[in-house]
Structures are given as C-alpha cells and as structure tokens.
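Just so you know, all these numbers are worked out from the coordinates, no wet-lab data involved. Everything numeric here is computed off the predicted structure, so don't read it as measured data. Positions of Cβ are generated from backbone atoms using ideal geometry, with glycine treated the same way; all protein chains shown enter the neighbour counts.
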C-alpha cells in the first residue's frame, strides 16, 4: 500500500482481558500491525505478553488488573504509561457471561455481570481517556459489546449479559460525542457467536441451536474480529466514532 492507513506502528495499545480468547488473539494481530501491547487481566498474562513480543518484534507487558476496581485500573494505567513511555490505543475487551434465567438470578449474579461488562468498560475507558486528556494526546478506544446488545439470544437465558452489552453500546456512543473535542474516538464491535475455549464449554444443545440459526452455518473465530478492531484503532477510520460494528455471520439480520 502506498498509504498504510491501517498501520499501528509507533502506538501503544492496552488490551483488557488479553490472557485468553478474543483478547489474546486480537492482541497478537494488533501487534502484527505494529503496536506495542499492554495486557490487563486478572490472570497473570506475562507469558502471553512475552509470546506476542517474540513473535511480532514489539514491546509487550502485562499487568494484573481488576477492571471492576477503579483504583486498580488507575494504578495499572499509571504503571503501563511509565513502563511503555506513552499510551495511545485501548481495546476494552474484558467481559463475562452468565447463562441464567432472570427469575433465577440473585442480586449478586446481576451485579457481577454488570460490574465486569459495563462498569469495567467504563472504569478503563475513563482512566484511559483521562490519561489522554491530561497529556494532551489523541487516542482511540474500541469496546467489546455483543450482538446481544441488539437482539435477545435464545435458547439460553441471559438478561444480565444482554443488558450489560446494550449498556456498552450506548456508553460507546455517549463517550464518542463527549470526547470528540479531545480528539478521542470511541467505537465498539459486537461479535456474534465466536468459538473460543469458553464457548466450547457451553451446553452442546445451545451450540447446536446457535449454529443452526447462523446463516454462515458456523461460529466465527477470534481472528475474524481482528480486522475490525484494527480498522477502528487505525487512521483508516478517522471519521468514524460512536459506531457499533456487528460481526455475526448475518445472525441478527434474519
């Protein structure tokens, strides 16, 4: 390409939930696009960071971070900025799912899902956005929402997850408008059913029903999300903010 508008060279990108699954895979692709990587996860992701560094020739670091704890997030942002010299990009991906009917959910079930999926996304975006503003820097954020923000999934019951992801989409739109004057773009992706180690453990009957309902006839892969994330993080999307990119194998349009 004469103009490599998808390049992330010279940038530092935080990836939350980067220990495994979508976060781990997409972090590798972001590194392949040239960015240095910082992984935030409750698990020790140091080996993942080392693997990314060796495979892609970038700098990579990992910090144990509880996205539901604003103080933990603030501390990790500060440590990451100090270690890497700067911060530019955020793939705000950490999340959990609970397949449990609403009538069977106790308050702590609801609070846990909302705390990780919505409050966690907010805490990290807030701390990262404040870092950018305080240092007079522009930057880009991509949040991970879900097609569950748009439709109600069946046969599983997961009102807490659906509500949390709908919140992520509207939070994305709200921050995009609030932060446009700071040169901070905020977008989100909404994956459909993605085959990961976690979905592999899901009820086989659920998986069968999902695949039968997907026009593609299969689940997606984490690799198939990477291009969308790189597009939204890169200069290929400089006039795009507040968007929700649904990547679901046509699931939500039939």
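Please give, to one decimal in nm, the separation of the simple spin-label points placed at residue 50 and residue 136, each 7 Å out from Cα toward the Cβ.
4.0
Per-residue counts of other Cβ atoms within 10 Å, averaged by peptide: what ranking do you get for 197-205, 57-65, highest first?
On the way: 197-205: 11.2, 57-65: 20.4.
Highest to lowest by the protection proxy: 57-65, 197-205.
Measure out, as a whole number of angstrom, how far apart the alpha-carbon centroids of segment 206-246 and segment 81-114 sit.
If you average the Cα positions of each part, the centres end up 19 Å apart.
Using Cα centres only, tell me the gap between segment 148-199 and segment 1-67 in whole Å.
Comparing the Cα centres of segment 148-199 and segment 1-67, I get a distance of 21 Å.
Any chance you could give the angle, 0 to 90 degrees and rounded to 10, that helix 120-134 forms with the longest Cα principal axis of the chain?
Between the helix axis and the principal axis of the chain, the angle is about 20 degrees.
Calculate, for residue 102 and residue 9, the FRET efficiency according to 1/(1 + (r/R0)^6) with r their C-beta to C-beta distance and R0 51 Å; round to the nearest 0.05.
Numbers: r = 46 Å, r/R0 = 0.91.
Efficiency at R0 = 51 Å is approximately 0.65.
Expected output is a single nm value to one decimal: the length gained when fully extending between residue 240 and residue 252, i.e. 0.36 nm times separation in residues minus the C-alpha distance. What is it? Walk me through the numbers on the way to the answer.
Values: separation 12, 0.36 × 12 = 4.32 nm, distance 2.22 nm.
2.1 nm is the gain from fully extending residue 240 to residue 252.
Need the full-extension length gain, residue 111 to residue 216, defined as separation in residues times 0.36 nm minus the C-alpha distance. One decimal, nm. List each step's numbers first, then the result.
Values: separation 105, 0.36 × 105 = 37.80 nm, distance 3.43 nm.
Result for the pair: 34.4 nm of gain on full extension.
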